[in-house]
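Chemist: Below are the structure tokens for one structure; questions will follow.
Coordinate-derived values only; no laboratory data. What you are looking at is a predicted structure, and each value in this text was computed from that prediction instead of being measured. Here the Cβ positions follow ideal geometry from the backbone for every residue, glycine too, while neighbour counts run over all protein chains shown.
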Amino acid sequence: MASATATATTPQFANGTRLNMGASSGRIYLVLDGKPCHVPDMDTYTQLFKDSKWTSITTRPVAGPAITHLAYLARLQGKPEVFLISNEIKRHVISMPVFDAYGFDATKLKTISQSDFDALDRGADIGA
């Protein structure tokens with residue numbers, strides 16, 4: 001008879017989920033590519049999301065890499081495509097339904113120059 005061995009698994013969360021390690025920690029994470037990414041502070045959080053009071057956050061013990069302080073949402077003048085800019089990387093948000101699922105705030109979009117845009121590395125699309 002084969003014996004079953006229990007293994008610890010990391011809980012999986014949907015992309016766009018915002019997580020809090022616990023009320024006392026104050027550390028907020030955004031799930032990107034299936035991995036929690038630390039949102040470094042309230043300024044960065046409010047620059048990205050509609051919910052500026054952190055009320056739509058799930059409390060779970062998590063850890064992960066950080067999003068850049070003051071990461072932002074950007075587009076080129078006259079172009080509809082939206083990008084998350086963090087860690088000197090531009091990541092295309094593939095559709096408005098994906099944008100909304102992440103809780104991003106369209107009123108916080110910044111228009112950037114073509115030269116600034118071209119200077120950023122291209123990362124994986126968000127929502128692909």
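Chemist: For K108, which aspartates and glutamates qualify as cross-link partners when the Cα separation must be under 17 Å and same-chain residues fewer than eight apart are set aside?
Modeler: Cα-Cα hits under 17 Å: D41, D43, D51, E81, D100.
Chemist: Apply the Karplus parameterisation 6.51 cos²θ - 1.76 cosθ + 1.60, with θ equal to phi minus 60°, to every residue of the range 78-83 and state each ³J(HN,Hα) to the nearest whole Hz, in sequence, with x for glycine and proline.
Modeler: Result, ordered by residue: x, 10, x, 5, 10, 10 Hz.
Chemist: Let me ask something else about it. Could you pull out every residue, at least 5 positions away or on a different chain, whose amide H is within less than 5 Å of the one on D51? Hs are placed 1.01 Å off N in the peptide plane, and Pro or chain starts have none.
Modeler: Those lying under 5 Å, H to H, from D51: there are none.
Chemist: Can you give the local net charge around L70? Use residues other than it whose beta-carbon is closer than 14 angstrom to its beta-carbon, Lys and Arg +1, Asp and Glu -1. Don't jump to the answer; show the numbers that get you there.
Modeler: Numbers: positive: K108, K110; negative: D41, D43, E88.
With Lys, Arg at +1 and Asp, Glu at -1, the net is -1.
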